Amino acid sequence: MGTKEEAQGTLSSTDFGVAASAFILNWNTVCSSFPPWTWVLSHHQVEGYLSLENMLLSSTQEEHGELSCPGPGIHSHQEDPIDVDDATLVHTNPCKVHYYDLHIIYCNSYRVPVLYFRAYDSDGEPLEFDEIEKDLPAYSKKALSDSKWTFITQEEHPYLNRPWYKLHPCGTSEWMKLLFHADDALAKTGVAIELYLVAWLSVVGHVVGLRIPFEMMKQL
Amino acid sequence: MASESIVVFAQFQSAVDEGFWHRLSSLKLNKLGIDDSPIPITGFYAPCSHPQVSNHLTLLAESLPSESNEQSSTAATSGGNRNRCPVPGILYNTNTIESFHALDKKSLLKAEAKKIWDDIHSGKAVEDSAVLSRFLLISFADLKKWTFHYWFAFPALVLDPPATLVDLKRASQYFSLEEAKSVSVACNEWRNSSLTADVPFFLVCIDPNSLATVKHIKDWETCQSDGNKLLFGFYDPCHLPNNPGWPLRNFLALISVRWNLKSVRFLCYRENRGFADLGLSLVGEALITVPQGWRDHQCLPNAVGWEQSKGRQVSRCISLAKSMDPTRLAISAADLNLKLMRWRALPSLNLNALSSMKCLLLGAGTLGCQVARMLMAWGVRKITLVDNGRVAMSNPLRQSLYTLDDCLNGGEYKATAAVKSLGRIFPAVDAEGVVMAIPMPGHPVPSQEEDNVLEDCRRLHDLVDSHDAVFLLTDTRESRWLPTLLCANTNKITITAALGFDSFLVMRHGAGPFSSNDERQRLGCYFCSDVVAPIDSTANRTLDQQCTVTRPGLAPIASALAVELLVGILHHPHGIFADGELANSSSSGSSELPLGVLPHQIRGSLSQFSQMTLVGQSSNSCTACSSTVVSEYRERGMEFIIQAINHPTYLEDLTGLTELMKSASSFKLDWDNDDDVDDDDCVEI
């Protein structure tokens with residue numbers, strides 16, 4: 001990563017690939033309690049992105065209650081009694097579980113990584129943003145509403161062609177610039193590429209409630 | 001554990017990823033059509049990896065056969081890995097909700113159970129043990145509402161009498177320390193090898209030296225030495241400490257039929273952080289009483305396995321409208337766009353006012369089409385277009401809502417075609433078309449037509465009444481008269497756009513004459529600077545003058561400015577009463593407003609690439625918006641209108657313009673208008 005890019009807080013797409021490999025190694029070693037990040041190739045096999053899926057979050061929210069589709073037809077339908085036997089135990093989940101998928105995808109126009117995420121319950125039903133917000137820790141919600149650089153929008157996933165939430169990248173280069181300038185160690189040792197994603201995720205993760213362990217930053 | 005208790009198995013739980021439904025919809029729309037023959041699919045599961053949450057049998061987009069392939073074999077098709085053990089299944093997707101509910105669930109379950117039974121007897125289940133967890137899915141995909149009804153069944157052969165549980169404890173409590181270490185190592189090796197990672201049933205063989213090896217179940221013979229401990233292991237999705245998972249049911253059936261064992265020691269294999277977790281895993285012993293007739297292949301045992309939802313025997317339903325319905329996606333994308341504008345640049349943007357505003361567009365030609373598009377871009381959803389013309393062959397080039405198809409067979413009515421076109425651009429628009437001519441002064445009405453004209457006048461009155469803003473986008477001066485009067489009468493926001501060959505005028509009318517109690521000077525309307533009433537401007541003109549020629553760039557510019565002017569009014573604290581500001585002015589008002597200056601009139605010239613702003617006050621002699629005229633209309637209504645239409649000098653007489661002209665000419669003053677634009681020639685294509 002040339003110093004010019006560094007100075008602007010951006011990185012090239014090849015550098016993103018390098019940063020991603022270093023990041024995966026680092027993460028999977030240090031954060032074994034989290035699911036691992038993997039590198040996924042797009043269907044063209046040329047570009048790739050980082051993926052962390054099925055991250056489980058026990059939610060304190062209550063069960064939805066009825067099934068997700070309201071409508072008179074559904075509930076009033078008479079089902080024939082189906083055979084059940086005594087050897088069957090039916091689960092009752094005391095806590096509502098939410099699953100999160102996170103993707104880190106390189107954005108060509110802003111030249112920075114972008115965090116895409118989506119959440120769903122155990123039936124696979126996607127969660128609305130206000131439900132996701134309830135899962136976020138208090139400091140995240142504050143970060144989201146305070147900062148002019150961080151806001152969440154919903155856009156089509158560049159490879160999966162479905163709406164995902166994303167942290168809008170328009171402010172990323174600004175605060176990455178600040179991060180790199182503020183940390184002399186980073187600037188001097190010149191291993192900025194390898195640490196780009198860790199540094200980036202330490203800010204972004206803060207916004208979505210994903211705490212990055214300090215050990216990851218200590219790679220130097 | 002009392003030896004009399006039966007083994008109670010935790011039911012398999014399903015989880016369907018959104019991608020599966022997307023793929024199924026696509027398959028249904030593009031390939032299957034109404035074909036509802038069963039589709040082989042692949043489910044995926046992995047051993048439990050969390051102490052409080054069970055793992056699920058998951059369906060993903062990859063679970064369905066790819067669209068380009070032909071039918072794949074009944075065996076598990078998609079490749080697996082350690083986190084995705086593939087399991088074969090079958091999908092019955094119906095074409096209606098009625099047929100979904102009418103499916104014979106008993107016999108479908110029986111059919112799948114029979115496949116498992118056959119695989120057990122033929123030995124296939126020993127070779128490819130994943131078939132023991134074969135499953136069934138019935139569904140109905142409602143592709144209009146984007147809701148999916150579905151129900152899983154995990155067929156389990158019922159032991160009758162049921163297996164009894166001798167004991168069940170944590171694996172770490174059952175094994176000795178040495179055994180536990182060895183078992184963990186062996187299991188982790190099994191899980192890490194790509195050859196065996198996705199094989200969900202296996203044997204754990206522990207020799208007298210506590211050395212454990214994990215083997216394929218087909219190698220059962222080799223584990224038969226004395227002194228060896230043998231456990232039947234399987235990937236257990238369940239996390240519960242007192243119950244083994246569902247796959248054990250058919251495993252026990254297999255063991256009983258193939259090897260005729262009465263006592264079975266089993267290992268419910270569970271993990272944590274990717275490694276064997278013997279604290280979470282369970283080891284138990286079950287006693288099987290082989291039911292009569294089980295050795296006989298022909299005698300199919302009963303089966304259970306329809307998934308329960310929250311303790312009830314019902315199908316499930318999921319709605320994906322928000323992420324699949326194109327109209328909803330279009331709406332949220334449009335909203336997002338405007339919100340971004342507000343977040344990033346214009347925090348005071350009033351999106352609610354824009355989306356609730358009702359706009360009336362008089363004229364659906366070059367100006368009307370462009371204004372409609374610009375309004376939609378600003379988030380306006382309610383648009384009414386009035387035009388009595390049909391789309392002509394030359395129109396699509398300059399009138400951006402029409403295409404060649406609209407010109408065929410004599411041409412569609414513009415108002416109708418425009419509405420259809422708007423709906424194709426943005427499905428959530430609430431657009432209405434009115435095919436109607438606007439009555440005009442100077443175009444006298446024969447008495448047999450009078451009723452129709454009166455009807456049109458009333459209709460126009462009602463249209464103006466029921467909208468919040470009116471755009472005058474017609475192609476003659478005189479056609480703007482009646483709308484101006486009606487708007488002045490009801491104090492509606494009115495915006496006029498008019499084109500010359502290479503120049504344009506865009507202006508907002510001032511407030512109506514009776515709109516406020518104070519006597520402050522109102523801004524003028526389109527007619528305020530006239531000295532003659534609107535007359536028939538189209539008679540006695542050559543063809544090219546009638547059919548207006550304007551430089552093509554004018555209409556888009558003028559239309560865009562007209563809409564921006566409206567947005568400016570909407571965001572101005574005084575609205576329609578706002579004073580006219582000049583560009584580059586240093587008046588305090590403009591610096592406060594985030595949208596900038598709010599002019600009264602904008603006149604532009606393409607030949608100069610220039611634009612200027614003007615302010616004009618209302619005239620007491622105005623033939624359209626003066627208090628004289630408006631009160632006359634209020635008193636006499638349609639009678640007054642007809643009179644004005646039929647007698648061109650009536651308005652001038654009424655407003656005293658005639659007198660003014662007389663006295664003016666007697667003083668020989670030069671009344672030449674020094675405007676760049678000659679209003680008499682303002683026509684549009």
So for segment B:304-314 (the condition being open to solvent by 40 Å² or more (accessible area, probe 1.4 Å), more than 14 Å from chain A (Cβ to nearest Cβ), assigned to a loop (DSSP other than H, G, I, E, B) and closer than 30 Å to B:LYS114 by Cβ), does at least one residue qualify? no
Selection count where residues are part of a loop (DSSP other than H, G, I, E, B) and in contact (Cβ under 8 Å) with a residue 24 or more places away in the chain, scope segment B:285-301: 9
From the residues in segment B:13-28 that are more than 8 Å from chain A (Cβ to nearest Cβ) and open to solvent by 10 Å² or more (accessible area, probe 1.4 Å), which one is nearest to B:LEU59 (Cα to Cα)? B:ARG23
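Residues checked against (1) in contact (Cβ under 8 Å) with a residue 60 or more places away in the chain; (2) assigned to a loop (DSSP other than H, G, I, E, B):
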site	(1), (2)
B:HIS149	yes, no
B:ALA153	yes, no
B:PRO162	yes, yes
B:LEU165	yes, no
B:LYS169	yes, no
B:SER182	no, no
B:ALA186	no, no
B:VAL199	yes, yes
B:CYS205	no, no
Filtering segment B:361-411 for residues that are open to solvent by less than 20 Å² (accessible area, probe 1.4 Å) and polar (S, T, N, Q) leaves a count of 4
On the given criteria, is A:LEU52 more than 9 Å from chain B (Cβ to nearest Cβ) and either at pLDDT below 65 or surrounded by 16 or more Cβ atoms within 10 Å (Cβ to Cβ) (or both)? yes
Please go through segment A:11-40 and give me each residue that is open to solvent by 50 Å² or more (accessible area, probe 1.4 Å) and among the hydroxyl-bearing types (Ser, Thr, Tyr), ordered by number. A:SER13, A:THR14, A:SER21, A:THR29, A:SER32, A:SER33, A:THR38
Just one of the numbered conditions (1) farther than 20 Å from B:SER14 by Cβ; (2) within 11 Å of chain B (Cβ to nearest Cβ); (3) open to solvent by 70 Å² or more (accessible area, probe 1.4 Å); (4) modelled with pLDDT of 70 or more is not true of A:VAL84; which one? (1)
Provide a single number: the residues in segment B:331-354 that are more than 12 Å from chain A (Cβ to nearest Cβ) and not in a helix (DSSP H, G or I). 4
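Residues are listed down the side, and each one gets a yes or a no for (1) in contact (Cβ under 8 Å) with a residue 60 or more places away in the chain; (2) farther than 18 Å from B:VAL371 by Cβ; (3) under 40 Å from the mean Cα position of the chain (by Cα):
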residue: B:ARG424; (1), (2), (3): no, no, yes
residue: B:ALA431; (1), (2), (3): no, no, yes
residue: B:ALA437; (1), (2), (3): no, yes, yes
residue: B:VAL453; (1), (2), (3): yes, yes, no
residue: B:ASP456; (1), (2), (3): no, yes, yes
residue: B:ALA469; (1), (2), (3): yes, no, yes
By residue number, the members of segment B:158-169 that are in contact with a Pro (Cβ under 7 Å, 6 or more places away or on another chain) and of a type in the set (Val, Ile, Thr) are B:VAL158
Those residues that are buried (at least 18 other Cβ atoms within 10 Å of the Cβ) and hydroxyl-bearing (Ser, Thr, Tyr), I need them from segment B:214-246; list them, please. B:TYR235
State the number of residues belonging to segment B:452-473 that are open to solvent by less than 20 Å² (accessible area, probe 1.4 Å) and not in a helix (DSSP H, G or I). 6
List every residue pair whose Cβ atoms sit under 9 Å apart, with the two residues 6 or more apart in sequence or on different chains, where the first one lies in segment B:315-326 and is more than 15 Å from A:TRP164 (Cα to Cα) and more than 7 Å from chain A (Cβ to nearest Cβ) and the second, anywhere, is of a type in the set (A, V, I, L, M, F, W, C) and open to solvent by 30 Å² or more (accessible area, probe 1.4 Å). B:SER315/A:LEU67; B:SER315/A:ILE74
Residue check, B:GLU179 of a type in the set (D, E, K, R) and open to solvent by 50 Å² or more (accessible area, probe 1.4 Å): no
In segment B:260-276, which residues are open to solvent by 40 Å² or more (accessible area, probe 1.4 Å) and either under 14 Å from B:SER54 (Cβ atoms) or more than 14 Å from chain A (Cβ to nearest Cβ) (or both)? B:ASN260, B:LEU261, B:LYS262, B:SER263, B:ARG265, B:ASN272
Restricting attention to segment B:136-157, the residues that are touching a Pro at 6+ places or on another chain (Cβ under 7 Å) and either modelled with pLDDT of 95 or more or closer than 15 Å to B:ARG23 by Cα (or both) number exactly 1
Would you confirm whether or not segment B:183-197 contains a residue that is closer than 25 Å to B:SER122 by Cβ, open to solvent by less than 40 Å² (accessible area, probe 1.4 Å) and modelled with pLDDT under 95? yes
Within segment B:439-451, track down each residue that is more than 43 Å from the chain's Cα centre (by Cα) and assigned to a loop (DSSP other than H, G, I, E, B). B:MET440, B:PRO441, B:GLY442, B:HIS443, B:PRO444, B:VAL445, B:PRO446
Is at least one residue of segment B:35-54 over 25 Å from A:ARG118 (Cα atoms) and either within 12 Å of another protein chain (Cβ to nearest Cβ) or of a type in the set (Asp, Glu) (or both)? yes
Subset of segment B:413-428 [crowded, with 18+ Cβ neighbours inside 10 Å and touching a Lys or Arg at 6+ places or on another chain (Cβ under 7 Å)]: B:TYR413, B:LYS414
Look at segment B:198-210 and say how many of its residues are open to solvent by 20 Å² or more (accessible area, probe 1.4 Å) and in contact with a Cys (Cβ under 9 Å, 6 or more places away or on another chain). 2
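The values are calculated or read from the model by the stated rules, or taken from the named source; none is laboratory data. Bear in mind the structure is a predicted one, so any value in this text is a computation, not a measurement. Every residue, glycine as well, gets a Cβ built from its backbone with ideal geometry; the counts of neighbours run over all protein chains shown. Just so you know, the surface numbers come from the protein's heavy atoms only, side chains and all, with ligands and any DNA or RNA stripped out. Shrake-Rupley method; radii C 1.70, N 1.55, O 1.52, S 1.80 Å.
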